[in-house]
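Some notes on the structure that comes next.
Bear in mind these aren't lab numbers, they're just calculated from the coordinates by the rules spelled out. All values derive from a computational prediction rather than experimental measurement. Neighbour counts are summed over all protein chains in view; Cβ atoms, including those assigned to glycine, are modelled from backbone coordinates with ideal geometry.
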Amino acid sequence: MASSAWRKLKKSLKSKLSFLSTPTPTNPTTDDNARITTATPPPVPTSSSSSSFSARLSRSFSLHSSSGVRVEGPVQKKIFFVMRLIWWSKLKVVEMYLCFAIILLLLLLLSQKKCAICLRSLRKGQGQAIFYAECSHPFHFNCIADSTKHGNLKCPICRSKWKDVPFQAPRNVPNFQRTGSVHAHVPPYNAPPVQIEAEHFSDDEVLSDVPSDESLSSRPQAITVKTFTEYPAVSASESFSKFGVLARVRAPPLDNTLPHHRAPIDVVTVLDVSGSMASKLILLKRAVNFIIQNLGPSDRLSIVTFSSSARRMLPLRRMSGSGREDATSVVDSISAIGGTNIVAGLKKGVQVLEERRQHNSVATIILLSDGCDTQSHNAQNRLEYLKSLPASIFPSNNTSREGSKQPTFPVYTFGFGSDHDSSAMHAISEASHGTFSFIESINILQDAFARCIGGLVSIVARHVQLKVKSASPGVQILSIPSGRHKNKIFDQGHQAVIDIGDMYAEEEKEFLVFLSIPVSPVVDGEERLANTSLVDVSCFHKGSVSMDTVQVEGERVQIRRPPTLSPTDQVLCLEVDRQRNRLLVTETIAKTQRMAEMGDLKGAQALLAKQLSTLLTTASSRAGDDLCNQLEAELKETRERMETRELYERSGRAYVLSGMSSHSWQRAATRGHYTAISSEGGNSDTRTTTSYETPSMTSMVLKSQILNLAPRE
């Protein structure tokens, strides 16, 4: 069998190399194990014979692999040169055949290429046309057409400039049927002019009628402020170095009876439509259509897509009847192909908002991607390319003196799957005051969008500020751990301001203010004061529609100062304790995330286990507090996702960063597989509970889930 196979191989190779045969030499040796000898040495090819030899060699060895990719170019020429040297060398026939077989195998391996734009295989039979550039590099035709339609005329591989680029013909060419007459008249087809994207985006649809003074005559509902002290009393003869006062801020509910009960919004969806999105396109379209159907007639939507380049598919349109129809048509026309250029997509989205003629009071961007930015693979630092983002979503990039006056557009980022750049998505959302959601399964994408939109369409208070002022001599404000909300302590610790920003209907945010309390002063040389006023807490905000300033005077925070403390005076406030637990758990998870990035997974696991034990011994946890139950579940889930490096890279990093984003803004974000809604009684699975979720978010997610259960046509 082996000798038969060898004879077949020799026969095949001889047929391949028959074109190289020279005139039969005199007295040649025919033994396979002997060297090829001739009476006279073979003639050296002349320039003409050499070129003829190379041409025949090229024709014979211009191989086509099973994928339909032709091997040619500089690499092929070098291989042909080596083959010529082998042929004219004095090798045994067997050795020469083996050399040629190795080279043939090398050519076949070189033929297995991938498109440098979408990184997918260039294979025959996958419904994709192959384009060969002047530099001999192959690409998917659609990938290169998408890359060059915006003026990109350089090869993505060798960066050589092209003279000829592909043109993608329109797909709605009439299909003329043959008739019986060979002289049948076929009307000429005039191709429509290529639609060039406008340089500026000042074509946004005008806003709906401005609300009249009568409709705005009712004063906007005020935010409520409630305070809690860590202990009800402190001994009059003792000082307290870090006493906690909790300020809870709660936004009013939506009043649907009013014609203008919430702030209208301008939303730009920036959608990843690269080649990796092809299998997820149906669910993506369904999720975007959910947004379209749940925006009001005063809200405006723009759609931007990006792959290797970015394109605005829909200008800012009001989501009325015709606007919804146009938006739905645009979504249905989306196709997935090409690379991933996140920066180009965000720049286009920012341009839509910056160049609009009219402004709704709230403007935001929703970014969705399942991959890393393929245009920044040469950057030394993975996040280096974020420095090219506009300052209106990445304020640290602003170098002008007017930077503080420039508005910031919140970017709500959604990364799904195991391949998205969670570090970049988290950095973008944190810098722009948005949130980062990690969607582990594409099936919950619509629910994740629903949670985000449920909040955005329920903004009832804008530019909320919480002010804290010392109410007694010696009482000093030490610190306010407010997460990503900016705070400022001034006047030597006697005053502080927390910038909360916009608030959703019935949204709650809690802030711990740590104070230094002195010994109670002596009055008239005999008695100490029975009470100490700690701080005055007040709140200022603007109405979501009228933008009228509303001032909320909070209560003065006081504690008793008895000579000796009773057992009830030493009872810890559960509200303060649970908030302290949240801060400690958040700080621990952030620290373990840094340890995991440095490869210390064992140390991170140990720290998480220690924090879990500490949490379970606290008063609020023992009392069965819902937030503590969620923190316990979060610590356990984080430990599971940090068990191995592979697991951390696949899902742990994104899960942790999404949780950090949610805690830092005290705002709901989607994490992992789940979007289940917690029950009122607190009996839901803590692994599925979403912290900080407002009633509007819950209602919108429930609507999405009911819609998913309904049969589809």
Fewest-first ranking of 489, 366, using other Cβ atoms within 10 Å as the exposure measure: 489, 366
Specify the inter-centroid distance of the stretch 285-327 and the stretch 396-464, based on alpha-carbon positions, in whole Å. 18
Taking 0.36 nm per residue of separation between residue 135 and residue 357 and subtracting their Cα-Cα distance, the length gained on full extension comes to 75.4 nm
Taking the simple approach of a point 7 Å from Cα along Cα-to-Cβ for both residue 533 and residue 649, what is their distance in nm? 6.1
Everything considered on the Cα gyration tensor (a ≥ b ≥ c; rounded for a/c under 1.5, else prolate if a/b is larger than b/c, else oblate), the stretch 446-515 must be described as prolate
Which whole-percent values make up P(r) of the stretch 575-691 when all C-alpha to C-alpha distances are grouped in 10 Å steps starting at zero? 14, 48, 33, 5, 0
Chain lengthening between residue 564 and residue 322 when straightened (0.36 nm per residue, less Cα-Cα): 79.9 nm
If I stretch the segment between residue 583 and residue 606 completely, what's the gain in nm (0.36 nm per residue apart, minus their alpha carbon distance), one decimal? 6.4 nm
Do any of 226/285; 387/488; 387/610 go past 32 Å between their Cα atoms, and which? 226/285; 387/610
Scalar couplings 3J(HN,Hα) for the stretch 315-327 by Karplus 6.51 cos²θ - 1.76 cosθ + 1.60 (θ = phi - 60°), nearest whole Hz, x for Gly and Pro, are x, 4, 10, 5, 8, 8, x, 5, x, 5, 4, 5, 5
Computed from every Cα-Cα pair in the stretch 263-457, P(r) in 10 Å bins starting at 0 and rounded to whole percents is 9, 39, 38, 12, 1
